[in-house]
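Student: Submitted below is the structure of interest, expressed as structure tokens.
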Amino acid sequence: MTDRGTDDTDTTTATQPARRWSIVGPGIVVAATGVGAGDLAATLVAGSEFGYTLLWAVILGVVVKISLAEATGRWHLATGSTIFAGWRSLGPWTTVYFVVYVVIWGFVYGATAMTSSALPLAAMFGGSIPAWGIPCGLLGLALVWFGSYAIFEKIMTALVGVMFVVVVGLAVIVLPDVPAMLAGLLPVLPSGSAVYTLGLVGGVGGTVTMAAYGYWINAKGWRDSSWMRVMRLDNRVAYITTGIFVAAMLVVGAELLYTANIALVESDRGLLDLDEILQQRFGPVIATLFLVGFFATSFSSLLGVWQGVSLMVTDFVRTRREAVARTPEELAAAGQLSEDATRSVPYRAYLLWLTFPPMILLFLGRPFALIVAYGALGAFFMPFLAITLLWLLGSKRAPREWRNGWLSTSLLSGAAVLFLVLCVSELVDTFG
């Protein structure tokens, strides 16, 4: 979403309407990766606490995510470079931050993703979390290690389809209150809803993998500004789909929990409580279908991080080797990853880091110090992304016609403020 860069003279096949619709995909990948089971649980709890009142926050969140992902994709296509090459041009502080981030965050996230994927499987078939979590991690490793981007995208699209059908279908089954939904489009803040509102706007669908969007559009074959319209269409379709998905979960929370005054645990384990409620109200078939959707949501996030963040680590290594340019502009134009990046040593080394060391935490639980580091680093990433995109796309590092205009600047500035507030809130909760 931006007010710049429209080129009505572009006549490439990439911009033909039928062709555009047939090749959307990277946006679905980044949106699905960003929405995990924890986000579903948070949305469900928001619905159970405030009904439909915060539906407007879901819509605002879609706008924020569209603006951030569009800016990431615009940087890659306009400059022919990568977001990490841009970050490195801003100074060595970005390198220090990223190294600490991917090491600690990746270690804890690996355990979190495997646990989240294991929960619905253990509920359906019995067994322990390690007994299901380890195979999930190994399956993710194999799919990303041996599969091409095209295969990865097809798997992610299929998982999104399952997620969407299950959750939206569930929202239809519980018979939403349409007048109350329409009232929820008005921006109202009930007492005690500030944290939930910020979470819905900024948290759902917003993770480090938003920065991976540019790498996925490059892997798709979109490598210059002639693909700008296609990228924007792809981005909007993906996040509107995500918005419908999240709104549907809010409906489920409002209808099943808010009206019955039922409270859930505020974590992905709370989704297992919903499974029991669905079984009591609609029977085992609907409850099992929900668990299938729960697994699709969790495993799609696992796959997306395994693939996307590993690409970012690969680019980190590549740009470090090439960091000999004399000016920030030259460094920002360091080029894109080669098509065989997924076969490189850094890529596969980080895949192994995400998969095997975190398995220890499946047996030991997550140590408190790591939880603190994980929460703190995670809170800092989204404001970092918004601020650096404002900086990069507002400078001469980007071609003039693709720099931020007033609309892009306003949306990115709003996102930066929002995520800074969320960051402070997360740090207070973590250390308090």
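The values are calculated or read from the model by the stated rules, or taken from the named source; none is laboratory data. Please read these numbers as outputs of a predicted model, since none were measured by experiment. With ideal geometry, Cβ positions are generated from the backbone for all residues, glycine too; neighbour counts draw on all protein chains shown.
Every residue, every condition in (1) modelled with pLDDT of 95 or more; (2) among the aliphatic types (A, V, I, L, M); (3) assigned to a loop (DSSP other than H, G, I, E, B); (4) crowded, with 19+ Cβ neighbours inside 10 Å, yes or no:
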site: VAL144; (1), (2), (3), (4): yes, yes, no, yes
site: GLU153; (1), (2), (3), (4): no, no, no, yes
site: VAL167; (1), (2), (3), (4): no, yes, no, yes
site: ALA171; (1), (2), (3), (4): no, yes, no, yes
site: MET181; (1), (2), (3), (4): no, yes, no, no
site: TYR196; (1), (2), (3), (4): no, no, no, yes
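Student: Hydrophobic (A, V, I, L, M, F, W, C) and closer than 24 Å to VAL285 by Cα: which single residue out of LEU175, LEU182, LEU200, LEU186 fits that description?
Tutor: After applying the criteria, what remains is LEU175.
Student: Residues to consider are THR2, THR53; find the one that is crowded, with 20+ Cβ neighbours inside 10 Å, at pLDDT 90 or above, out of contact with any Cys (no Cβ under 8 Å at 6 or more places or on another chain) and not aromatic (Phe, Trp, Tyr).
Tutor: Just a single option satisfies the conditions, and that option is THR53.
Student: Related question: With the checklist (1) farther than 30 Å from TRP227 by Cβ; (2) part of a helix (DSSP H, G or I); (3) more than 21 Å from the chain's Cα centre (by Cα) in hand, flag the one item GLY127 doesn't pass.
Tutor: Of (1) farther than 30 Å from TRP227 by Cβ; (2) part of a helix (DSSP H, G or I); (3) more than 21 Å from the chain's Cα centre (by Cα), only one is false for GLY127: (2).
Student: Let me ask you something else. Among the residues in segment 364-379, are any surrounded by 15 or more Cβ atoms within 10 Å (Cβ to Cβ), under 30 Å from HIS76 (Cα atoms) and at pLDDT 85 or above?
Tutor: Checked against the condition, which is being surrounded by 15 or more Cβ atoms within 10 Å (Cβ to Cβ), under 30 Å from HIS76 (Cα atoms) and at pLDDT 85 or above, segment 364-379 yields no hits at all.
Student: Continuing with the same structure: Tell me which residues, restricted to segment 124-174, are touching a Lys or Arg at 6+ places or on another chain (Cβ under 9 Å) and of a type in the set (A, V, I, L, M).
Tutor: ALA150, VAL174
Student: Taking the condition within 28 Å of GLU276 (Cβ to Cβ) and either free of Cβ contacts under 8 Å to residues at least 12 places away in the same chain or not hydroxyl-bearing (Ser, Thr, Tyr) (or both), does LEU143 pass?
Tutor: no
Student: So, one more: Of the conditions (1) in a helix (DSSP H, G or I); (2) closer than 30 Å to LEU392 by Cα, LEU139 clears all except one; give me its number.
Tutor: (2)
Student: Return yes or no: is TYR350 buried (at least 19 other Cβ atoms within 10 Å of the Cβ), among the aromatic types (Phe, Trp, Tyr), under 24 Å from the mean Cα position of the chain (by Cα) and at pLDDT 90 or above?
Tutor: In short, yes.
Student: Does any residue of segment 203-223 turn out to be among the small types (Gly, Ala, Ser), part of a helix (DSSP H, G or I), touching a helix residue (DSSP H, G or I) at 6+ places or on another chain (Cβ under 9 Å) and within 20 Å of VAL424 (Cα to Cα)?
Tutor: Yes - at least one qualifying residue is present in segment 203-223.
Student: Do we have PRO120 as of a type outside the set (Ser, Thr, Tyr), in contact (Cβ under 8 Å) with a residue 24 or more places away in the chain and surrounded by 22 or more Cβ atoms within 10 Å (Cβ to Cβ) here?
Tutor: yes
Student: Could you give every pair whose Cβ atoms fall below 9 Å, whose first residue belongs to segment 239-260 and is assigned to a helix (DSSP H, G or I), and whose second residue is buried (at least 23 other Cβ atoms within 10 Å of the Cβ) and among the acidic types (Asp, Glu), counting only separations of at least 6 or pairs across chains?
Tutor: Cβ pairs passing all conditions: VAL246/ASP39; MET249/ASP39.
Student: Here are THR355, THR319: which of them is buried (at least 22 other Cβ atoms within 10 Å of the Cβ), at pLDDT 95 or above and hydroxyl-bearing (Ser, Thr, Tyr)?
Tutor: THR355
Student: Would it be correct to say that ALA71 is closer than 16 Å to SER395 by Cα, surrounded by fewer than 24 Cβ atoms within 10 Å (Cβ to Cβ) and at pLDDT 90 or above?
Tutor: no
Student: Right, something else. So LEU278 passes all but one of these: (1) buried (at least 21 other Cβ atoms within 10 Å of the Cβ); (2) modelled with pLDDT of 90 or more; (3) within 26 Å of the chain's Cα centre (by Cα). Which condition number does it fail?
Tutor: Condition not satisfied by LEU278: (3).
Student: If you don't mind, another one. Which residues, taken from segment 86-99, are buried (at least 24 other Cβ atoms within 10 Å of the Cβ) and either at pLDDT 90 or above or not in a helix (DSSP H, G or I) (or both)?
Tutor: Of everything in segment 86-99, those that are buried (at least 24 other Cβ atoms within 10 Å of the Cβ) and either at pLDDT 90 or above or not in a helix (DSSP H, G or I) (or both) turn out to be GLY86, TRP87.
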